[in-house]
Amino acid sequence: MKVWKPFVAVIGAFLVWTSVVISVTIPTASSLTLTRPGDGNSVNNLSIPNTPIDPRFRIIGNPGSNTPLDLGSLLMTGTNELAKLALKDWEGEVPSFRSAFIPRYSDVAIVMKAVRPASHIDTKIAVWGLFSALNQMATTGRCLGQNYDLYWGMTRVAVLVIKPKLDLTIAMPSEEGRNESNTLNTTLPTLSDNVSFLQQAPISTSVRIGKQTISPRDHSFSTRCRWPPGARPIPILFAFSIILNGLRLVASEPKTSLVDQDFSVQSTDNPARAFFAGPYGEPISIPGDRTYPYELVILTLRAMMNFLVVNHRYTEMAVDLVVDGVSVGSGGLAI
């Protein structure tokens, strides 16, 4: 059985209004549980301890435009950018970046910029920051444009902006400490991503099918999403929050490590859950069975949000993880 690192299940960030800033705090939250899919009353749950994000990390929200954000664009762009961060090396760094263009869903822009003289941001800080801001919107329903400062200890290390795409002017400190106005909607690169959000993606690791391990060369990954019979409605922000939590949960895992147990991601304050299992819902067994790396879990969570938004239907769903036309796993959203 895989031993998971400790995580916070849900960052229940809330707004503390002052005359100067809006402080987004990160309290201790309820634990996530990993359970057998379809078994809401599982007895042998593997729980992730109620351990907070490193207390040296803080996120502070500053007064923004308070312009309502287009929900479809927020869901697609937010999930896409957090998934790309989750695919990165957890102990590595990412450069300053802006969100990528998604046809029909680019009315919201996300920008994260390192505070100079630094040019890069620790991956874990980038993940914690974007997750905290997006999940605060999902859990409070306040989907408004906002600027955030990300801190490590007492040092301001990055600025995060989530706004309508035409409203991206923020103040950044210069090397001399003076504020400079920077319009960032075209000046920063997008995060590198060797997978396409809406198409089949090459995989960068091996996948086990039976006793055979296939290498990434000349192999591709895709998802097959569908509505199960009797699918029950899931409030879209519940689905958004649990997908965000799933991405943050897997972000610290080695992306080439194989999933060795079927699991679901759920929390005490959200009735929705995301689950993953073997092909056709069968339990994963190691060794000898079909299984898949955590990289494919990240890509599948991203595809699940895409499926909900594009079809404008927010209900329970099922998905097959497919490599070269062969199902290597399954998953979905349930309530």
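If only one of L321, L299 is under 20 Å from I243 (Cβ atoms) and either part of a loop (DSSP other than H, G, I, E, B) or out of contact with any helix residue (DSSP H, G or I) (no Cβ under 6 Å at 6 or more places or on another chain) (or both), which one is it? So the residue among L321, L299 that is under 20 Å from I243 (Cβ atoms) and either part of a loop (DSSP other than H, G, I, E, B) or out of contact with any helix residue (DSSP H, G or I) (no Cβ under 6 Å at 6 or more places or on another chain) (or both) is L299. Contact map, segment 230-246: residues that are within 14 Å of L130 (Cα to Cα) paired with residues that are of a type in the set (D, E, K, R) and modelled with pLDDT of 95 or more, Cβ distance under 7 Å, separation 6+ or inter-chain. No pairs are found. Among the conditions (1) touching a residue at least 40 places away in the same chain (Cβ under 8 Å); (2) out of contact with any Pro (no Cβ under 7 Å at 6 or more places or on another chain); (3) crowded, with 21+ Cβ neighbours inside 10 Å; (4) of a type outside the set (D, E), the only one that Y151 does not satisfy is (3). Would it be correct to say that R273 is open to solvent by less than 10 Å² (accessible area, probe 1.4 Å), basic (K, R) and not in a loop (DSSP other than H, G, I, E, B)? Criteria not met by R273. Filter segment 247-256 down to residues that are touching a strand residue (DSSP E or B) at 6+ places or on another chain (Cβ under 8 Å) and touching a residue at least 60 places away in the same chain (Cβ under 8 Å) and give me whichever is surrounded by the fewest Cβ atoms within 10 Å (Cβ to Cβ). Selected residue: S252.
Here's the yes/no breakdown for (1) under 21 Å from D54 (Cβ atoms); (2) open to solvent by 20 Å² or more (accessible area, probe 1.4 Å); (3) assigned to a helix (DSSP H, G or I):
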| site | (1), (2), (3) |
| --- | --- |
| E81 | no, no, yes |
| E91 | yes, yes, no |
| F101 | no, yes, no |
| A138 | no, no, yes |
| A158 | yes, no, no |
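Every condition in (1) touching a Leu at 6+ places or on another chain (Cβ under 6 Å); (2) of a type outside the set (G, A, S); (3) over 24 Å from K255 (Cβ atoms); (4) not in a strand (DSSP E or B) holds for V127 except the one numbered (3). A single entry from Y314, Y280 fulfils the requirement of being open to solvent by 30 Å² or more (accessible area, probe 1.4 Å) and within 24 Å of D70 (Cα to Cα): Y314.
Whether any residue in segment 227-240 is open to solvent by 10 Å² or more (accessible area, probe 1.4 Å), of a type in the set (F, W, Y), part of a loop (DSSP other than H, G, I, E, B) and touching a Ser or Thr at 6+ places or on another chain (Cβ under 8 Å) is what I want to check. Yes: one or more hits.
The values are calculated or read from the model by the stated rules, or taken from the named source; none is laboratory data. What you see is a predicted model, and the numbers here were worked out from it, not measured in a lab. Counting neighbours? That spans all protein chains shown, and the Cβs are built from the backbone with ideal geometry, glycine included. Only protein heavy atoms, including side chains, enter the accessible area calculation; ligands, DNA and RNA are left aside. Shrake-Rupley method; radii C 1.70, N 1.55, O 1.52, S 1.80 Å.
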